[in-house]
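Bear in mind that the values in this text are calculations on the coordinates, not laboratory data. Everything numeric in this text was worked out from a predicted model, so none of it was measured. Glycine also receives a Cβ, built like all others from the backbone with ideal geometry; neighbour counts cover every protein chain displayed.
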Ligand code: NDP
């Protein structure tokens, strides 16, 4: 029998997740069906319950429901607890809902895919929202020399730095507090969505440094367009999307799909 999965979001019609999971299923010979479901803004929990009643086994959760999913779960993984968000739901044999988050590990795996060594590196993270909170533990586990978090609302960055100080050297503040240069700058703000660029110092990258934007699209984001002429090597969030999906697929099916083919397919569909 075919097992059912889906992604819940609002809006969700442009989600690439159904395409990614169909490719994973084909490649690994797993019999699954994966759809996109737009839940009403105040109806996510009911939508999940209905999906389960209809035979659903698990789901991805995207904006704006990651926080509600976190609050709804009966059991949470360690990394979901630390992230304060859930992007993967798994229906347990006892009918209980287990929640995990794969976004942070997805980004770190994408960096590994591109052979970015993080140990001993100085890293700047822009933003202090849910995606950055989910990233900090897997990033700090790679033993960078320092992680600096800069955010428009400086207090949120300071709070995050306090919350993760047990895992390594991490400090937080506003954009005006950024000092020195970095081996990797990760844009985890949603500024790119609006075509905005956070106010950044001109001298930001070490020689051979990288700029990473969690966002992706049919052309480079404003942040990547800014970073390129300043000497950085560029990566967008498409690989993160594929890697977080692969980790969810593994949680559901206990099989690791090969992500390289799906990366190529998606890149071609974006036309650059
Ligand atoms: P949140 O809404 O939780 O956080 C948004 C962050 O962006 C906050 O730090 C906010 O600052 C900052 N911000 C928003 N607008 C501006 C602006 N104009 N200038 C400067 N800072 C701004 O969002 P998420 O953390 O969930 O998502 C962040 C980004 O990551 C999104 O672009 C999302 O698409 C992407 N993402 C990509 C994934 C992938 O698989 N590739 C997975 C998950 C997320 P303040 O606190 O001051 O409001």
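Averaging sequence separations of C-alpha pairs under 8 Å and six or more residues apart, then dividing by the length of the range 110-168, give the relative contact order as a whole percent.
38 percent
Can you tell me, using C-alpha contacts under 8 Å and at least 6 residues apart, the relative contact order of the range 104-238 as a whole percent?
It rounds to 21 percent for the range 104-238.
What is the distance in Å between the Cα centroid of the range 1-70 and that of the range 99-178?
If you average the Cα positions of each part, the centres end up 28 Å apart.
Compute the helix-to-body angle for 44-53: its Cα long axis versus the longest principal axis of the chain, expressed 0 to 90° and rounded to tens.
So the inclination is approximately 40 degrees.
Who wins for biggest fluctuation among 92, 29, 237 in a Gaussian network model of the chain, springs between alpha carbons below 10 Å?
Maximum among the listed residues: 29.
Which angle from 0 to 90°, rounded to the nearest 10, does the C-alpha axis of helix 103-113 make with the longest principal axis of the chain?
For helix 103-113, the angle is close to 60 degrees.
Give me the angle, in degrees from 0 to 90, between the Cα long axis of helix 17-28 and the longest principal axis of the Cα atoms of the chain, rounded to the nearest 10.
Around 70 degrees separate the two axes.
Counting pairs of alpha carbon atoms under 8 Å apart in space and at least six apart in sequence, what relative contact order in percent does the chain give?
Averaging sequence separation for qualifying contacts and normalising by length gives 15 percent for the chain.
Tally the DSSP beta bridges in the chain and give the antiparallel ones as a percent, rounded to 5.
Given both bridge residues lie in the chain, the antiparallel proportion sits at roughly 15 percent.
Using a simple spin-label model with points 7 Å from Cα along the Cα→Cβ vector, what separation in nm is obtained for residue 143 and residue 14?
Label at residue 143, label at residue 14, 4.1 nm between them.
Provide Rg over Rh for the range 104-238; use the alpha carbon set for both Rg and the Kirkwood Rh (inverse mean inverse pair distance).
Result: Rg/Rh = 0.92.
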